[in-house]
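Have a look at the structure below, then the notes.
The values are calculated or read from the model by the stated rules, or taken from the named source; none is laboratory data. This one's a predicted model, so the numbers in the text were calculated from it and none came from an experiment. Heads up, the Cβs are rebuilt from the backbone with ideal geometry, glycines too, and the neighbour counts pull from every protein chain shown.
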Amino acid sequence: MGEHSILQLNGNMHKKLHSLIAVFLKSPQFKAQITTDIQYSVKQCLASWTNKTIYFQDEVKKITFTILIKVLMSIGPGEDLDLLKREFGEYIKGLICLPIKFPGTTLYKSLKAKERMMKMVRRIVKERMKQINDNNAEDHCAVNDVVDALLRDKSELYNSSSSSSLMVEMISQNIIEFMIPGEETLPTAMTLALKFLSDSPLALSKLKEENMELKKQKTNCSDDYTWTDYMSLPFTQNVISETLRMANIVNGIWRKAVKDVEIKGYLIPKDWCVMASLTSVHMDEKNYENPFKFDPWRWEKIGVVASNNCFTPFGSGHRLCPGLELSRLELSIFLHHLVTTYRWVAERDEIVYFPTVKMKKKLPIRVQPINT
Ligand code: HEM
């Protein structure tokens, strides 16, 4: 990973970058716009799945990747998006591979793919920088995506880099590395939600009932759906929490001790690395009764929590995932349109948890509109 990756940064630089992204993702304008974009993407994708067998695990990435790129750079469907999709696929293969670099190796191809992506992202950042300078409009124009948020930053995060070409370089690098934590996690959450629901008819029926009610209300008053509509469905949020608890998409997080630390009588010497296992917390019967059972109802007692000591799918503390709410929103919109418009039959498949969470056969399903 590059030296500016948010995942590797520490101290002040990390704090500023994290806060810029988190503030943008929480802004009301962003929430309103992205709700419309996700709805559009979800409906289009679902319509293209009907009456044939699809591999859910692969197909759902079309929704999440499109949204991720929209959030980062406002790129819609077209050549640029196709290029990014292709090159990013090649690039991530090289993040965990043998460190051998000569033509033909995975690492070599990955670095070449990153160069091609950098070229495109650099062009976009430069164009945007020019627009901002030409209009001298920093204070009046809406911040539409992460590129805007980083370019309009006043906190000197990049300004210390003095030359504008270095600033373009750093922002482009950040944008590419920001794709890594968002690309694989969310489609996996959607895939496992579908798997758990396919195996739990009671939960599916309650989910459908709640979402049909919202659909009826919206149809009667012909209002558009808002972020809050989707995020206020209690059972749907419980299905999402239970999916995240059992899926353990990020099974552990790494930290390095910057000084000697004592925790519960154990000494962690300076420079040691520690992995906090999130899976152990989520699957511990001291925290969750019958932890291997998919039981969205358990959250009626626990209540909706973004994160606490016993529920940390998005991590916690100053590295808490800034994509937390966006992920819950995408999951909610996806589930809403899926269960209110379609039914599906999933083939038998198994969850594999190592090295990463996946479905063994990519979860083949057949989707049909409800009223056929
Ligand atoms: C269900 C989906 C997701 C899960 C389970 C998840 C989980 C996590 C976890 C556990 C961390 C903390 C890592 C650590 O503490 O070292 C994290 C960090 C992060 N996530 Fe997510 N994530 C998800 C979706 C997303 C999405 C959609 C985005 C982008 C829009 C995103 C962007 C990030 C970023 C940039 C960080 C680094 C934050 C920092 O170090 O300051 N994530 N995520």
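Please enumerate the residues belonging to the stretch 322-333 that are touching a Phe, Trp or Tyr at 6+ places or on another chain (Cβ under 6 Å) and surrounded by 21 or more Cβ atoms within 10 Å (Cβ to Cβ).
Within the stretch 322-333, Ser332, Ile333 meet the criteria.
Do we have any residue at all in the stretch 88-96 that's in a loop (DSSP other than H, G, I, E, B) and of a type outside the set (A, V, I, L, M)?
Scanning the stretch 88-96, I find at least one residue that is in a loop (DSSP other than H, G, I, E, B) and of a type outside the set (A, V, I, L, M), so the answer is yes.
If I ask for residues that are under 28 Å from the mean Cα position of the chain (by Cα), of a type in the set (A, V, I, L, M, F, W, C) and either surrounded by 11 or more Cβ atoms within 10 Å (Cβ to Cβ) or closer than 24 Å to Leu202 by Cα (or both), which ones from the stretch 259-304 would you list?
Hits for the stretch 259-304 are Val274, Ala276, Leu278, Val281, Met283, Phe292, Phe294, Trp297, Trp299, Ile302, Val304.
When you go through Asp229, Asp223 one by one, which is the residue that is farther than 22 Å from Asn309 by Cα and not in a helix (DSSP H, G or I)?
Exactly one of Asp229, Asp223 is farther than 22 Å from Asn309 by Cα and not in a helix (DSSP H, G or I), namely Asp223.
Report, ordered by the first and then the second residue, all pairs with beta carbons closer than 8 Å, sequence separation of six or more or different chains, a first member in the stretch 184-196 that is touching a residue at least 24 places away in the same chain (Cβ under 8 Å), and a second member that is charged (D, E, K, R) and within 11 Å of the ligand (Cβ to nearest atom).
Leu186/Glu330; Met190/Glu330
Here is a list of conditions, (1) modelled with pLDDT of 95 or more; (2) closer than 21 Å to Lys31 by Cβ; (3) in contact with a helix residue (DSSP H, G or I) (Cβ under 8 Å, 6 or more places away or on another chain), and Ala247 meets all of them except one; can you say which number that is?
Evaluating Ala247 over (1) modelled with pLDDT of 95 or more; (2) closer than 21 Å to Lys31 by Cβ; (3) in contact with a helix residue (DSSP H, G or I) (Cβ under 8 Å, 6 or more places away or on another chain) leaves (2) as the failure.
Please go through the stretch 338-372 and give me each residue that is within 15 Å of Leu207 (Cα to Cα) and crowded, with 20+ Cβ neighbours inside 10 Å, ordered by number.
Leu338, Val339 - these are the residues of the stretch 338-372 that are within 15 Å of Leu207 (Cα to Cα) and crowded, with 20+ Cβ neighbours inside 10 Å.
Scanning for something in contact (Cβ under 8 Å) with a residue 24 or more places away in the chain and out of contact with any His (no Cβ under 6 Å at 6 or more places or on another chain), does the stretch 265-273 turn up at least one residue?
No, the stretch 265-273 contains no residue that is in contact (Cβ under 8 Å) with a residue 24 or more places away in the chain and out of contact with any His (no Cβ under 6 Å at 6 or more places or on another chain).
Do the conditions hold for Lys301, that is, is it more than 16 Å from the ligand (Cβ to nearest atom), closer than 20 Å to Thr236 by Cβ and modelled with pLDDT of 95 or more?
no
Among the candidates Ser316, Ser332, Ser327, single out the residue that is without any contact (Cβ under 8 Å) to a residue 60 or more places away in the chain and within 14 Å of the ligand (Cβ to nearest atom).
Being without any contact (Cβ under 8 Å) to a residue 60 or more places away in the chain and within 14 Å of the ligand (Cβ to nearest atom) holds for just one of Ser316, Ser332, Ser327, which is Ser316.
Can you tell me which of (1) closer than 26 Å to Arg255 by Cβ; (2) in a helix (DSSP H, G or I); (3) without any contact (Cβ under 8 Å) to a residue 60 or more places away in the chain is the one Lys62 doesn't meet?
Of the numbered conditions (1) closer than 26 Å to Arg255 by Cβ; (2) in a helix (DSSP H, G or I); (3) without any contact (Cβ under 8 Å) to a residue 60 or more places away in the chain, the odd one out for Lys62 is (1).
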